[in-house]
Structures are given as structure tokens and as C-alpha cells.
Amino acid sequence: MARPLGSCSGGSRLCSRDCERCDSLTCFRSGVPDRGNSTSSPAGRVGKPRTAGANGSSRGSCPIRGTCPAIPTETAKCLGKGGAAVSPGPSLIEQRLRVLAWLATCVFALCVLRAVSLTIWWSDFLQARGRSQHVQRVRMPPERGPIVDRNGQLLAISVSSGDVYLQPKKFDPRNAANVAHALSLPVEEVLRRATSSASFVWLKRNVAAEELDRLSQFNVPGVGVEPARRRTYPFGQLAGQLLGTVGVDLQGLGGVEAAYDRFLRASEATERVERDAYGRRLRRDGQVRTRLQPGARVELTIDASLQRVTEQHLRAAVEQTHAKQGLSIIVDPQTGEVLAMAHYPFFDPNDRSQATAEHARIRAITDVFEPGSTFKAFVAAAGIDQHVVRPEERLYCEGGRYQVGKHTVRDHEGYGWLTFADVIRHSSNICTAKIGERLGPRRLYEALQGFGFHRITDIDLPGEKAYPLRPWEKWARIHLVTTSFGQGVVVTPIQLVTAYAALANGGKLMRPYVVRRVVAPDGSVVLENRPHVVREVVSEDTTQEVTRLLELVVEGGTGKKARLEGIKVAGKTGTAQKVEPGTGRYSPRDRVASFIGYFPAEAPRYVILVVIDTPRTATYGGLVAAPVFKEIGEFVADRFGLRLATAPSLPPPVLTSGTPSLRTVSWAGEETLIGMPSFLGLSLREALHQARLGGWEVEAEGWGFVTAQDPPPGATSAPDRKLRLRLEPPVG
């Protein structure tokens with residue numbers, strides 16, 4: 001409705017209300033000019049005169065509607081007064097236009113102000129933000145350092161890979177099947193990640209090159225690849241537990257990978273890359289924020305060829321005896337270097353999906369077992385060192401039964417009188433227990449402590465465990481007796497082999513280690529492990545006496561199956577009952593069979609421990625573990641030229657009367673080294689290196705590792721100086 005177009009001079013509200021009755025702006029004005037018969041209106045305007053209605057109201061004429069509605073007389077009078085009618089205000093349309101114009105002016109002013117602020121004050125910020133959406137700084141894949149064996153054989157390396165990511169807002173679920181096929185993932189997994197509310201999710205990490213090639217064929221929007229590095233182990237399960245593994249971000253999770261992670265890990269670095277609207281990488285500008293420093297190279301004490309052969313024979317023994325598991329450790333007694341550490345079942349760090357935590361654990365340093373008769377060597381050493389027994393002394397073995405309070409100690413044979421040497425050779429529990437009783441709890445406890453059975457060996461691997469010996473003050477007589485022959489006490493395999501190394505090297509307890517040194521990318525040595533003597537345990541004379549006793553075990557005692565042709569071996573068998581987890585009692589069936597020995601006995605260089613857990617076809621260490629020792633020892637002797645042969649006797653030189661005789665030389669029975677070493681188990685690179693040192697010309701067939709050679713190991717000569725090798729890929 002129109003606003004009042006005029007107002008009464010006297011302020012009559014009736015006048016205003018009546019004025020509102022007509023929508024025409026001219027209705028209450030003077031009217032339309034009447035050119036023929038017009039009168040002057042009170043306002044001075046010319047128009048048609050208003051006529052009075054029947055009720056005294058005045059009617060006017062409207063140029064739009066015609067005749068105006070009846071106007072009360074008072075209103076007409078009001079409008080007819082001079083100066084009473086006022087010129088009307090702007091129309092509704094005019095008011096709206098003015099408002100719109102005012103608003104448009106304000107908006108324009110704000111836009112100008114905003115443009116100025118963005119151009120001047122916010123320019124740097126917006127440019128940086130734009131670059132961040134188009135050009136991003138991404139983390140460069142780290143170059144984790146390699147792990148090599150003592151001969152430089154690569155055991156763990158990093159190769160090119162990729163991490164595939166997904167941007168749910170840009171991803172079309174219809175492409176899920178293609179992506180799943182390319183990455184070998186379930187379609188449901190791809191769809192689940194595609195429905196994430198996050199703007200970025202990882203789809204698969206450490207993707208192999210062949211999968212990345214398949215993915216690139218589809219060119220799916222919303223799916224991208226970040227360059228990465230993947231850890232791989234060229235020989236698969238070889239030394240798998242020892243090497244350990246890494247996580248998706250290449251952090252060490254076990255074994256050497258975890259123990260030396262701070263050296264192997266590469267320094268962080270980033271670079272700038274450009275992306276399109278779909279987040280796909282366009283190009284890189286090469287600007288690296290920090291210099292990428294590759295990880296250091298870790299050189300092990302492990303010999304890959306020896307490790308391989310050890311694993312092969314260990315596996316064969318476990319499978320043949322239907323045992324639960326097995327392990328073997330080889331140590332250099334002079335330095336403490338671990339030359340091999342094998343476990344079966346194997347663990348392949350390349351395929352962790354098929355392995356359990358049980359398989360990945362380094363059981364050689366974490367698991368404990370009762371050592372059985374292998375413990376008798378330490379009782380013998382303590383007895384000789386403390387002068388409580390002599391090797392030639394005769395001891396009575398009670399006919400195979402020895403009563404200790406309410407307990408009966410038995411031997412597997414009913415021996416009577418035996419020299420102490422025969423006690424060790426035939427592994428008599430009863431007479432060994434009598435030596436323990438002569439020592440008493442305190443001296444035996446201190447002797448075992450000296451050999452390192454009270455604490456960890458401090459080997460440079462994670463997770464080592466040890467169980468302390470029971471304080472000697474709490475030993476009952478039966479505990480003293482059973483400890484003497486290795487029952488009721490538990491040790492780890494690494495403790496046992498380290499203690500035997502002390503017997504082999506003249507009485508020095510060495511700290512074992514698996515890493516020789518760590519070398520930085522520039523060739524500088526970051527860390528180097530050197531032989532470390534923990535303590536002097538017993539005298540060298542004592543160890544020589546014990547070594548002679550242990551030689552008898554192998555020559556004609558329970559360890560006959562460990563004999564090596566042409567090499568003197570000192571060793572001891574062990575058979576221990578296992579404790580049933582549910583009852584805490586010794587199992588009548590389950591055993592741990594073991595053998596440990598070292599050679600050459602006169603100058604030991606290798607200590608080998610073999611442990612077979614729960615064998616079924618045979619249970620004694622001399623029948624189960626000793627043959628494995630022999631197989632490994634034969635390989636070591638052939639490869640490293642340890643085997644000795646007796647040359648035929650030669651006639652003495654004939655001297656003429658004019659030849660001065662300075663001395664007499666005996667030629668009979670001289671020991672000479674056999675010329676041709678063994679190349680079995682070596683890689684081609686290792687074989688070529690060894691052959692080059694010997695001046696041999698090599699002809700190789702196949703790839704992988706040497707399985708046959710001509711001339712064979714032990715040959716004394718080859719007329720053409722040619723060495724023919726046959727290589728085959730590793731099995732498993």
C-alpha cells in the first residue's frame with residue numbers, strides 16, 4: 001500500500017488515512033488539467049473540480065483509475081487549503097533502487113579493499129600456500145646400509161620400491177578392482193580405505209617393482225606412488241633369525257637389524273616435487289633440503305658359506321629324527337667371533353607372513369635348556385684346578401646306583417672302578433657327582449660363575465636372557481649332585497659355547513660378538529669390535545688336561561660319531577630330560593640331545609655346538625647331535641685346509657765324505673697339508689677369490705653356490721691347474 005502523499009495542515013489523521021485509499025499519486029493532487037473548463041485549485045494547480053457526493057463527500061478524478069473514491073468533505077477541505085498538500089516522497093521502486101545502489105556501492109568498496117589487502121598484505125602468504133598445494137616437499141627414501149658377511153657377501157640390502165597412497169575424495173570406487181588386482185590386495189580392503197574420511201591414506205607400503213608396473217598401466221586418479229626403499233635379503237632364510245628384519249619405515253625390529261639400527265639407518269632428507277590436481281607427481285625440481293646420508297655398512301663375523309652348510313646339516317638332522325627344532329653355533333675360541341648361528345625351523349625375513357614369532361626369535365641367546373653331560377667338563381676343570389682330583393685317579397661308580405638321601409642317581413651302565421679319565425669318557429653321572437661333592441657347593445658355584453653361567457654373555461644381539469645360578473648357600477646335597485652332571489640347572493646355548501671356548505683357548509672367557517666392524521659410506525670405520533677377555537677362568541695347564549680328557553670321549557667314548565679324519569677333536573655329548581610344563585616333572589620321553597666340541601685339539605680354532613630338541617627316532621646326544629658336528633667339521637676342515645695327511649717315509653739323504661753334516665733331519669712321519677681346499681658351498685665370487693689365491697684357472701657351470709668341484713677336496717695335484725665348478729641355486 002502506498003504511503004500518504006500529503007498531510008493536513010492541521011495534522012488531521014483522517015486526511016492521511018483517506019489519502020491512502022487511492023494508489024494513484026495524482027489522485028489527491030489538483031487533478032488532471034482541464035484545458036476547456038478548468039478552475040484553479042487551492043494549491044495553485046489546474047485540474048478537474050471535485051464534485052460533492054450525496055453524503056457531502058468530494059469525488060475527484062484519477063488519471064489512472066478514473067474517478068477517485070469518495071473523499072469525505074473534511075478531507076477535501078483539508079486538501080483544498082492553501083499549502084496544505086505537500087509534495088509526495090519517492091516511490092517504492094525508487095526506494096528499492098536506492099537501497100540496491102547503496103548495497104552495491106558497499107560491496108564494491110569491500111571488494112576493492114579485499115583486493116588491495118590480498119595484493120599488498122597477504123601476497124606472500126597466499127603465494128606460499130599456493131605453492132604448498134602445487135609444489136610439495138616430500139621425504140626422500142632412506143638408503144639403509146647393507147649387511148655383509150666376513151667375506152663381503154651381501155646378506156641384507158635396500159632396493160627401489162614404492163609406497164602406494166590413496167586420496168579418498170579423488171578416488172572413483174569403480175577403479176577399486178583394478179587397483180586391488182595390481183597390488184594383490186582384496187577389493188574389500190581397497191574399498192574400505194576409499195571410504196575413509198581422511199584426505200590421505202596409505203594403501204600398501206614397500207610395493208615390489210612388478211606390482212608398481214601393473215598399477216601404472218591403469219593410471220587411476222586419486223592413487224599415487226611415493227618412491228621408497230625396500231629391505232631385501234638375497235639369500236632368503238640364510239641366517240634369518242640372526243639378521244632380523246625391519247618395519248615398514250625401515251626401522252630395525254630384530255637381530256642385527258635392531259642391534260645396529262642407529263648405524264644402518266640413513267639420515268632423513270626431503271625434496272620438492274610438483275603435483276597435478278589429482279595429486280599425481282609431475283616433476284621434481286631437485287632442491288634437497290638436507291643432504292641424504294646413506295646408512296653405514298655392517299660387516300659380520302659370520303661366514304655365509306659355513307652358515308649355509310651348518311643350516312643344511314641341521315635341517316637334515318631335525319627332519320631325520322622328527323625332532324621339534326634344532327640349533328647350532330660355531331665360535332672362534334681365540335677371539336669370540338661367532339662364525340655361524342643356525343636355527344631350524346628357518347625364518348625368511350623376506351616373507352614374514354609365513355613365519356611365527358617363535359621362528360623369528362634368536363633361540364641361541366634367548367632359550368634355556370638343561371646342558372646334561374656337557375656340563376661335566378666344567379666340573380672336571382674345577383676339580384683339576386682345585387686339586388681335588390687327578391686324571392689318573394680311580395673312582396668307584398657304585399655299580400650304576402648311588403643313593404643320595406631319598407634320591408637315587410643312576411648311570412646308563414653299571415660301572416665299578418674307573419679312572420677319572422674314563423669317568424669323563426663314559427660319562428658317569430655318579431663319579432662326576434662325587435667330584436662335585438669333593439668341591440662342595442661354594443667352590444663349584446664359584447667355578448660355574450667363572451665360566452659365565454650366572455649372567456648374560458653380553459653378545460651384541462638384542463634379547464639375550466640368562467637365569468642366575470641358585471645361591472650356593474641354598475644348595476641341598478641333591479642339588480649339588482645333580483648340578484655336577486648338568487641336571488637342575490639351565491643355560492643358554494651361547495653361554496655353553498662361550499664356556500667351552502674358554503676350555504679351548506687356555507682358560508680365557510671371551511665376549512662373543514657377531515659384528516666385526518661398522519664402516520661409514522666414506523670408508524671410515526665407525527665401530528670395530530675387538531676380542532675382549534672377560535676373565536681368566538682356569539689355568540692353561542688345567543685346560544690342557546681337560547682337553548685330553550675330552551679327546552678320549554671322541555676317540556673311544558660316547559662321542560665316537562663326531563670323529564674327524566686326520567684331525568684331533570675334543571668334545572662331550574649331552575642328553576638331558578625335559579621338564580613337562582604342566583606338571584613340573586621330568587618327562588619320561590622328551591630329551592634334549594647335544595654335542596659340543598672343538599678342533600684341532602692341539603690348537604683349537606673352532607668350537608661347534610649342536611642341540612637337537614625332542615628327537616624321536618633316537619634321543620642320545622652321541623647318536624643324534626654328534627653326527628651333525630662331524631658333517632660340519634668335515635666341511636670346515638676341507639675348506640680351511642685343516643686336514644692333515646701323513647706323507648710316506650723318505651730315505652735319509654746320502655751324504656758324501658766332503659759334505660759337512662750340520663744336523664740330522666728325520667723325514668719319517670712328517671705331517672703335510674693337503675693341497676686342494678674345498679670350494680663346496682661357496683658363491684661364485686668367493687670361489688673365484690679363493691681360486692685366484694691358489695693360482696687356479698676356474699671353469700664354472702650354473703649359478704648359485706658350488707655343489708661339486710673337480711679336482712675334489714683333498715686332491716694333491718692337478719696337471720692343468722684347472723678347477724671345474726658346478727653351481728646350483730639355493731634350496732628353500
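The values are calculated or read from the model by the stated rules, or taken from the named source; none is laboratory data. Since we're looking at a predicted model, the values are computed, not measured. Here the Cβ is made from the backbone with ideal geometry for all residues, glycine too, and neighbour counts use every protein chain on show.
Couple of notes before you dig in:
- Inclusion of residue 567 among residues that are over 17 Å from residue 500 (Cα atoms) and touching a Pro at 6+ places or on another chain (Cβ under 6 Å) is warranted.
- Among helices (runs of 4 or more DSSP H) entirely within segment 298-395, having at least 1 residues that are at pLDDT 95 or above singles out 304-321, 363-366, 376-385.
Rundown of residues vs (1) surrounded by fewer than 18 Cβ atoms within 10 Å (Cβ to Cβ); (2) farther than 24 Å from residue 521 by Cα; (3) not acidic (Asp, Glu), yes/no style:
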residue	(1), (2), (3)
143	no, no, no
153	no, no, yes
160	yes, no, yes
166	no, yes, yes
183	no, yes, yes
190	no, yes, yes
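- Tally, over segment 185-204, of residues that are within 13 Å of residue 223 (Cα to Cα) and free of Cβ contacts under 8 Å to residues at least 40 places away in the same chain: 9
- Within segment 198-247, considering residues that are out of contact with any Leu (no Cβ under 9 Å at 6 or more places or on another chain) and of a type in the set (Gly, Ala, Ser), the one surrounded by the most Cβ atoms within 10 Å (Cβ to Cβ): 240
- Test: residue 506 is surrounded by fewer than 24 Cβ atoms within 10 Å (Cβ to Cβ) and at pLDDT below 95: no
- Considering segment 396-512, the qualifying helices (runs of 4 or more DSSP H), each wholly inside and each with 2 or more residues that are under 20 Å from residue 366 (Cβ atoms) and in the same structural domain as residue 569 (by TED's automatic domain parsing), run over 493-504.
- Residue under evaluation residue 437, criteria (1) touching a Leu at 6+ places or on another chain (Cβ under 8 Å); (2) among the acidic types (Asp, Glu); (3) closer than 30 Å to residue 329 by Cα, criterion not met: (3)
- A residue that is free of Cβ contacts under 8 Å to residues at least 40 places away in the same chain, closer than 22 Å to residue 260 by Cβ and surrounded by fewer than 20 Cβ atoms within 10 Å (Cβ to Cβ) occurs somewhere in segment 512-522.
- Residue in segment 420-429 that is surrounded by fewer than 18 Cβ atoms within 10 Å (Cβ to Cβ) and among the basic types (Lys, Arg) present: no
So that you can scan it fast, the table gives a plain yes or no per residue for (1) at pLDDT 90 or above; (2) of a type in the set (A, V, I, L, M, F, W, C); (3) over 40 Å from the mean Cα position of the chain (by Cα); (4) not in a strand (DSSP E or B):
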| site | (1), (2), (3), (4) |
| --- | --- |
| 545 | yes, no, yes, yes |
| 548 | yes, no, yes, yes |
| 554 | yes, yes, yes, yes |
| 571 | yes, no, no, no |
| 576 | yes, yes, no, no |
| 582 | no, no, no, yes |
| 593 | yes, yes, no, no |
| 597 | yes, no, no, no |
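- Qualifying residue in segment 618-629 (condition: of a type in the set (Ser, Thr, Tyr), in contact with a Pro (Cβ under 8 Å, 6 or more places away or on another chain), touching a residue at least 12 places away in the same chain (Cβ under 8 Å) and in the same structural domain as residue 483 (by TED's automatic domain parsing)): no
- When residues of segment 408-429 are limited to those that are hydroxyl-bearing (Ser, Thr, Tyr) and free of Cβ contacts under 8 Å to residues at least 24 places away in the same chain, the one nearest to residue 551 (Cα to Cα): 415
- Of all the criteria given as (1) farther than 30 Å from residue 463 by Cβ; (2) part of a helix (DSSP H, G or I), the one not satisfied by residue 198 is (2).
- Residues (surrounded by fewer than 18 Cβ atoms within 10 Å (Cβ to Cβ) and of a type in the set (D, E, K, R)) located in segment 569-604: 578, 580, 585, 589, 590, 602
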